[in-house]
1. How many residues, within the stretch 369-387, are at pLDDT 95 or above, surrounded by 13 or more Cβ atoms within 10 Å (Cβ to Cβ) and part of a helix (DSSP H, G or I)?
2. Looking only at the stretch 40-49, count how many residues are at pLDDT below 90 and either among the polar types (S, T, N, Q) or surrounded by 15 or more Cβ atoms within 10 Å (Cβ to Cβ) (or both).
3. Away from the ligand (no atom under 16 Å from the Cβ), closer than 22 Å to Tyr117 by Cα and assigned to a loop (DSSP other than H, G, I, E, B) - does that describe any residue in the stretch 296-307?
4. Name every residue in the stretch 106-125 that is more than 19 Å from the chain's Cα centre (by Cα) and β-branched (Val, Ile, Thr), in order of residue number.
5. Could you check Gly145 against (1) of a type outside the set (Asp, Glu); (2) more than 16 Å from the ligand (Cβ to nearest atom); (3) outside any helix (DSSP H, G or I); (4) under 30 Å from Ile377 (Cβ atoms) and say which number it fails?
6. I need the full set of residues from the stretch 1-39 which are modelled with pLDDT under 80 and not in a helix (DSSP H, G or I), in order please.
7. If you go through the stretch 205-245, how many residues are under 24 Å from Ile178 (Cα atoms) and touching a Lys or Arg at 6+ places or on another chain (Cβ under 6 Å)?
8. For the stretch 323-342, give me each residue that is more than 19 Å from Ile390 (Cβ to Cβ) and either outside any helix (DSSP H, G or I) or free of Cβ contacts under 8 Å to residues at least 40 places away in the same chain (or both).
Amino acid sequence: MAGNRDKDLRAGTRLVTTGRSGSFSAHVVNPPVWRASTHLYADCASLREGQKSNDDGHFFYGRRGAPTQWALSDALTELEPGAAGTVLYPSGLAAIVAALMAVLKPGDVLLVADNAYEPTRNTAMGILKRYGVQHRFFDPLDVDGFAAAFCENTKAVMLENPGSLSMEVCDVPALARIAREKGAVSLVDNTWATSLGFTALAHGCDIAITALTKHVGGHSDLMLGAASAGERWYRKLRMTAQQLGHVVSPDDAALALRGLRTMGVRLERETATALALALWLDARDDVAHVLCPMLPGAPGHELWKRDFTGGCGLFSFVLKDRDDAARCRLVDALDLFGLGYSWGGFESLAIPFDIPPIRSTMPWPKDGWGVGECCGIRLSIGLEDASDLIADLDQAFAAMDKG
Ligand SMILES: *Cc1c(COP(=O)(O)O)cnc(C)c1O
């Protein structure tokens, strides 16, 4: 059944067909959950044959996976134009750390976008530094400054698009082109958009990283990560993951595959609801800034329109002339929004955030933002009805000012 047809299909259809053509899953809709450490060989000859190939689809030992994990890797590879393969990791952060370890060695310098996810920053300042890799943070909105930040030993660039919490969209094609000209490998944390909304490799990046915990899992019951790349970097990622002993459970791989099938409709719905909420927030006097790339006029909207084919339910806003106590009254009064980390699930979440402690070089507060206007709240929009979420926010804003 499956074969060449897949590359002609649109993304929504590929979410259904992808990762199902392996011979192990040809007779069922979903690959079985194949729990195994040991695979038995028929004889010494087949055992020795098994040692020759280090590729998905070949049994060796449980740490190299089995049909359930291979089906997920295949699916993610098929969804990422330009990818030769995908390596799975026990979390999104594990994917980031292992990918950086795959491309860097002692003495190298890593450039990290200043708006990257905080644990990514901590990886640069922590384990990578201890192993002899230096880092420099750069403002991803300043392309000339980025080009000037390279030195002879700069070997990798870590991007995130849009940036965590403050949601700036950067010019990935321009930054990736500069990195390539300077001989550095570019990695991008593409968790926000996934390959459905932003084709990272096709836009010039070498390695696309996704926390599958978020949109792919989609149900807040799973932690998993992935890195996809063309042949050269895929081999490096694969060898490094194997040397680090990374392996993911077949149960989690099966959950991720289940989530993947509905990711397109969930993202569409969450994007539409997020946009409705962003518009509603934007019209309020007590909101200073809405940081939502899908919102016309918001920071990064033009680049988002140019480079992305979709959005998601994650965005932020900044309260106007309110302090932390007021913000806490608002968040605590929310009923439909849970208060907790992570995002991309079917349920809506809210979390307060402050930017200054997690920026090194980007100007913050931004020009014209005013020091009193830094009280941020990040929302992750789920599948609830938009009007219910707006009503919940409305009563929480009222509670904020009652305090
Ligand atoms: C959550 C997140 C990660 C890490 O994923 P985990 O599975 O929680 O380790 C990485 N990048 C971004 C942008 C995230 O939001």
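1. Residues flagged as at pLDDT 95 or above, surrounded by 13 or more Cβ atoms within 10 Å (Cβ to Cβ) and part of a helix (DSSP H, G or I) within the stretch 369-387 amount to 1.
2. So the count comes out to 0.
3. Yes: one or more hits.
4. Val109
5. (3)
6. Selection gives Met1, Ala2, Gly3, Ser21, Gly22, Ala26, His27.
7. 0
8. Matches in the stretch 323-342: Asp323, Cys328, Gly340, Tyr341, Ser342.
The values are calculated or read from the model by the stated rules, or taken from the named source; none is laboratory data. As the structure is a computational prediction, the values presented were derived from the model and not from experiment. Because the Cβ atoms are built from the backbone with ideal geometry, glycine has one as well, and the counts that use them run over all protein chains shown.
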